[in-house]
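Where a number appears in this text, it was derived from the coordinates with a stated rule and is not lab data. Predicted model only: the values in this text are computed from it and were never measured. Positions of Cβ are generated from backbone atoms using ideal geometry, with glycine treated the same way; all protein chains shown enter the neighbour counts.
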Amino acid sequence: MKYISTRGQMDIIDFQDAVMTGLATDGGLILPESLPNITDQLYNLSQLNYIDLAFEIIKIFAPDIPEDNLKSIIDKSYASFHHPEIAPSIKVDDIYILELFHGPTLAFKDFALQLLGNLFAYILEHRGGCLNILGATSGDTGSAAIHGVRGKKNINIFVMHPEGRTSRIQEKQMTSVLDPNVYNLAVDGTFDDCQSIMKKLFSDLPFKNKYSLGAVNSVNWARVLAQMVYYFYATFQIQKDSGSKSVRFSVPTGNFGDILAGYLAKKMGLPIEQLILATNENDILTRFFSTGIYEQSTVVPTVSPSMDIQVASNFERYLYFKLNRDPKILREIMENFNKSGCIKLPCDKGGMIDSLIVAGKATTDMTIEMIKYYHKKYDYLLDPHTAVGVCVAKEFSSATPTICLATAHPAKFTDTIESTIGRPALHPVLESLDGAPTRCDSIKNDCEAVKSYLINSI
């Protein structure tokens, strides 16, 4: 298995180089040359536990890591999860809730970032050198990335978050990690600003190479790969429970990475009938899949802050497939988008962009009401992001079993939860943060300022 760039101007590389490179050298995103069809393997895969399934899926894409070493990396990555099933599915009402919050930071990002941290450590151990990770977060990525690499030799991590635009708990999870290789930067701007700074620095190839920059954001292919595993696992579990041949997934979406993993799993042969893309008021993706127009607007702060995004960094990977894997056309479209802030693609005769993907949005009021409803009627507490996914899933009813990705534990958003149901959501991992010392530096929304900070900190 070899890897290419969506923009077609990067040399072909292997898996380990794809992990260490992060963003492609031509400004595109890294993808495998081809996706294998594993339909004939699905039954055997369905008999495996989560960790063994992860090994079988990931080894397809990582042939340059010896299998014994890869198995050890995967075992280590999921040893810190708090549930024996790793990713259990709970049926509530007519929807299966795929609980992806049993990792060390109580968010779905742990699935990818525990793995990525251990991959980094393995590669550096065998190749030598050092890595300076630069990331941008709207909330959960930052803490998951920090916990994935804290204390690891030859790795520093610099995480930018939009000042005042993450939940109090999300910020505390990041800033309370005091390991000397961890740096938190509160940027005076939005998540999109943080992401823009990150992409500019990665596009500066002399700087990137001189200071050994690495990426943990969803632009890193290893993250998407890790997320593909729980689509397989959940599908198999719900097939066994329901007797259905196919399933649907509802995915709360901001950066398009999580739903992209499902899209690619479908391309590999997983029987996914439909992907439901769910956004909050920051609905650039919903508008695209409804109209064919992808156009930036102003970021609106909501109760689901990890989705308060206008420019979805993984959207380019989807466009690559949508444009029949033509890097020339994609380059033209992305260059025009950088100038105009708009992409227009034609809809089909049914008014759809993609027959697999339907999209909808849930407002803050709808989200709050869904949290109240599920708590009162089913004694089940949704976090604000998962509630968005449930809201939109109910717009597209079907006899096919629907699985909604529960992206974070509700205790990470305890202020919203308390104001909604009259009591806080609690979790011992987060309660242990009370009174913990923190470390964070405020920095202006400026690429050169971040560059200087990084240089002076190494």
GluC sites (Glu not before Pro) within the stretch 32-88, DSSP loop, no more than 11 other Cβ atoms inside 10 Å
Glu33
If unit charges are put on Cβ atoms (+1 for Lys and Arg, -1 for Asp and Glu) and the dipole of the stretch 70-133 is taken about its Cα centre, the option from Leu70, Gln114, Gly128 lying farthest towards the positive end turns out to be Gly128
Within-12-Å neighbourhood charge of Thr190 [Cβ basis; K, R +1; D, E -1]
-4
For Rg and Dmax of the Cα atoms in Å the list reads (i) 22.1, 70; (ii) 20.5, 58; (iii) 20.9, 68; the calculated value is entry (ii)
Given Cβ charges of +1 for Lys and Arg and -1 for Asp and Glu, the option among Val182, Met10, Tyr50 whose Cα lies farthest towards the positive end of the dipole of the chain is Met10
Given the C-alpha centroids of the stretch 153-212 and the stretch 283-308, what is the distance between them in whole angstrom?
23
Which translational diffusion coefficient, to the nearest whole µm²/s, is obtained for the stretch 334-374 from the Stokes-Einstein equation, given a Kirkwood hydrodynamic radius over C-alpha pairs, 25 °C and 0.890 mPa s?
180
Can you pull out the trypsin sites (Lys or Arg not before Pro) in the stretch 298-354 whose DSSP state is coil and whose Cβ has at most 14 other Cβ atoms within 10 Å?
Lys349
Helix-only mean residue ellipticity at 222 nm, the chain, DSSP H runs n ≥ 4 weighted -39,500 (n - 2.57), per residue, nearest 500. What is it?
-13500 deg cm²/dmol
The stretch 350-458: trypsin sites (Lys or Arg not before Pro) in DSSP coil with no more than 15 other Cβ atoms inside 10 Å:
Arg439, Lys444
Over all alpha-carbon pairs of the stretch 291-393, lay out the pair-distance distribution in 5 Å bins, whole %, shortest bin first.
2, 11, 16, 18, 16, 14, 11, 7, 4, 2, 0
I'd like to compare 9-17, 156-164: which one has the highest average count of other Cβ atoms within 10 Å, and what's the full order after that?
156-164, 9-17
If you place +1 on the Cβ of every Lys and Arg and -1 on the Cβ of every Asp and Glu, how big does the dipole about the Cα centre of the stretch 1-43 come out, in debye to the nearest 20?
100
Using mean Cβ contacts within 10 Å as the protection proxy, how do 221-227, 309-315, 59-65 order, highest first?
221-227, 309-315, 59-65
Cα-based convex hull volume of the stretch 42-95 per residue, rounded to whole Å³:
104
Net charge of neighbours whose Cβ lies under 14 Å from the Cβ of Leu356, counting Lys and Arg as +1 and Asp and Glu as -1
+1
In debye to the nearest 20, the charge dipole size for the chain, taken about the Cα centre with +1 at each Lys and Arg Cβ and -1 at each Asp and Glu Cβ, equals 400
Provide the percentage of antiparallel DSSP beta bridges, counting only those with both residues in the chain; round to the nearest 5.
25
Need one number: the % of Cα-Cα pairs in the stretch 177-219 sitting beyond the 11 Å mark.
72
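Take peptides 230-237, 146-153, 110-117 and line them up by average Cβ neighbours within 10 Å, highest first, as a rough protection proxy.
For the peptides 230-237, 146-153, 110-117, the packing ranking is 110-117, 230-237, 146-153.
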